[in-house]
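Reading through the structure tokens given below for one structure.
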Amino acid sequence: MNLESYIGQKNGPYLSWDSVNLPMIRQWCEVMGEKNPAYQEEQAAREAGYEAITAPPLMMQVWGMAGYLGARPEGSATGPSFTMIAELEQAGYTGVVAVNCEQEYLLPLYLGDRIHYETECQSVAGPKQTALGEAMFVTELSKYYNQRKEQVGTLLFRLMFYRPGGSA
Amino acid sequence: MNTVALTALRVGQDLPVEVIAISTRMVVGTAIATRDFQDVHHDSKAACDAGVPDVFMNILTTNALVGRYVTDWAGPHARICKIDVKLGAPNFPGDSMTLAGSVQSIDTDSGRVVVAVVGNNQLGSHVIGSVTLVLPTPAAHP
């Protein structure tokens, strides 16, 4: 199948359900074993050079996740950013795994910040034979912004869409 | 908690190895904490239908663990500015992941340090990653 027409397609904005908040930070740190006090204590954050309690940079992608209902707050673009999902599923590529992720963090995130992101489809590849089955690869670049429209980071995501059933 | 001194680092220096046990509880708990409700991370039947033996760790968690592994070593005043991961064999419950890192490059002017990380499980390579940190420079912290 030919997914070339998706290359360069831009989508967004995708708004966050929750502003950067301490309960989610605490719960994430709890399961990840993250003990850096700058993420939970004001004094420790200032000592580390932050203005105030800061969110773990590795949570950047978490704020923008669609969540349990797979939906987005009003004001967001509708549908998944990977708009080729429907076409891929129709063609039998019903399995999805993430294979690469490259992130850059440009600005710290503080409690109360509201994050949104915008995407651009960078490249497509395949079909290729993999251990999980015949697969197509789609790479998307997301740019994350705060409520002041300052870019806080980038996230390059490559997903592998495959036909379950192995390489037979 | 101390932060490593930039001037004390050496290229090729190894980070202490960390072993993380993978359980269903952990796979599901970390998926939810990362707001990832993709069925292959909590529903074993869905995972089976997708051609894998069980639920498996999501990439947001792999990312988080690689980052945390490096900053545990670097200390609380180190800031991650870049993290790249490439996933291989999934982390399934019952397995464990061994994380090992080494310092790849050091820039004493900017304070940028690149650490290469590999995470292996019993199936092989789970993750190959690279974390770029910014450490306080001697000029900033005499």
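The values are calculated or read from the model by the stated rules, or taken from the named source; none is laboratory data. Source: prediction; values computed, not measured. Note that each Cβ is placed from the backbone with ideal geometry, even for glycine, and that neighbours are counted across all protein chains shown.
Here are some notes:
- Qualifying residue in the range A:143-158 (condition: crowded, with 18+ Cβ neighbours inside 10 Å, more than 11 Å from chain B (Cβ to nearest Cβ) and farther than 18 Å from A:VAL20 by Cα): no
- Enumeration of residues in the range A:119-136 that are among the small types (Gly, Ala, Ser) and either at positive phi or in a strand (DSSP E or B) (or both): A:SER123, A:ALA125, A:GLY126, A:GLY133, A:ALA135
- Pairs are defined by a Cβ separation below 7 Å, a sequence spacing of at least 6 or placement on different chains, a first member in the range A:39-62 that is within 11 Å of chain B (Cβ to nearest Cβ), and a second member that is among the basic types (Lys, Arg); the pairs so defined are A:VAL62/B:ARG35.
- Answer residue from the range B:45-78, given it is modelled with pLDDT of 95 or more, more than 15 Å from the chain's Cα centre (by Cα) and charged (D, E, K, R) and is surrounded by the fewest Cβ atoms within 10 Å (Cβ to Cβ) among those: B:LYS45
- Test: residue in the range B:4-27 that is assigned to a loop (DSSP other than H, G, I, E, B) and within 25 Å of A:THR154 (Cα to Cα): no
- Residue count, the range B:40-93 (criterion: of a type in the set (Gly, Ala, Ser), part of a loop (DSSP other than H, G, I, E, B) and free of Cβ contacts under 8 Å to residues at least 60 places away in the same chain): 4
To keep it simple, each residue is scored yes or no on (1) assigned to a loop (DSSP other than H, G, I, E, B); (2) within 20 Å of A:LEU106 (Cβ to Cβ).
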position	(1), (2)
A:MET1	yes, no
A:GLY12	no, yes
A:ARG26	no, no
A:GLU34	yes, no
A:ALA44	no, no
A:VAL62	no, yes
A:ALA66	yes, no
A:LEU69	yes, no
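- Filter result for A:MET24 (within 11 Å of chain B (Cβ to nearest Cβ) and either more than 23 Å from B:VAL85 (Cα to Cα) or in contact with a helix residue (DSSP H, G or I) (Cβ under 9 Å, 6 or more places away or on another chain) (or both)): yes
- Yes/no for B:ASN91 being crowded, with 23+ Cβ neighbours inside 10 Å and either small (Gly, Ala, Ser) or touching a Cys at 6+ places or on another chain (Cβ under 7 Å) (or both): no
- Pairing residues of the range A:94-118 that are at the interface with chain B (Cβ under 8 Å from one of its Cβ atoms) and assigned to a strand (DSSP E or B) with residues that are of a type in the set (Val, Ile, Thr) and surrounded by fewer than 21 Cβ atoms within 10 Å (Cβ to Cβ), at Cβ distances under 7 Å and at least 6 apart in sequence or on separate chains, gives A:GLN103/A:THR154; A:GLU104/A:THR154.
- Just so you know, in the range B:28-54 the residues that are over 26 Å from A:GLU34 (Cβ atoms) and aliphatic (A, V, I, L, M) include one that is nearest to the other protein chains (Cβ to nearest Cβ), and it is B:ALA50.
- Complete set of residues in the range A:5-21 that are without any contact (Cβ under 8 Å) to a residue 60 or more places away in the chain and either away from every other protein chain (no Cβ under 13 Å) or touching a Cys at 6+ places or on another chain (Cβ under 8 Å) (or both): A:SER5
- Selected residue (criterion: nearest to the other protein chains (Cβ to nearest Cβ)) from residues of the range B:103-123 that are hydroxyl-bearing (Ser, Thr, Tyr) and exposed (fewer than 14 other Cβ atoms within 10 Å of the Cβ): B:SER110
- For the range A:109-125, a residue qualifies if it is surrounded by fewer than 18 Cβ atoms within 10 Å (Cβ to Cβ), of a type outside the set (A, V, I, L, M, F, W, C) and under 25 Å from B:GLY129 (Cα atoms), and the qualifying residues are A:GLU118, A:GLU120, A:GLN122, A:SER123.
- Conditions (1) surrounded by fewer than 21 Cβ atoms within 10 Å (Cβ to Cβ); (2) at pLDDT 95 or above; (3) more than 12 Å from every other protein chain (Cβ to nearest Cβ); number of the one not met by B:ARG25: (3)
- Taken together, the criteria exclude B:GLN13 from residues that are more than 13 Å from the chain's Cα centre (by Cα), within 10 Å of chain A (Cβ to nearest Cβ), polar (S, T, N, Q) and surrounded by fewer than 21 Cβ atoms within 10 Å (Cβ to Cβ).
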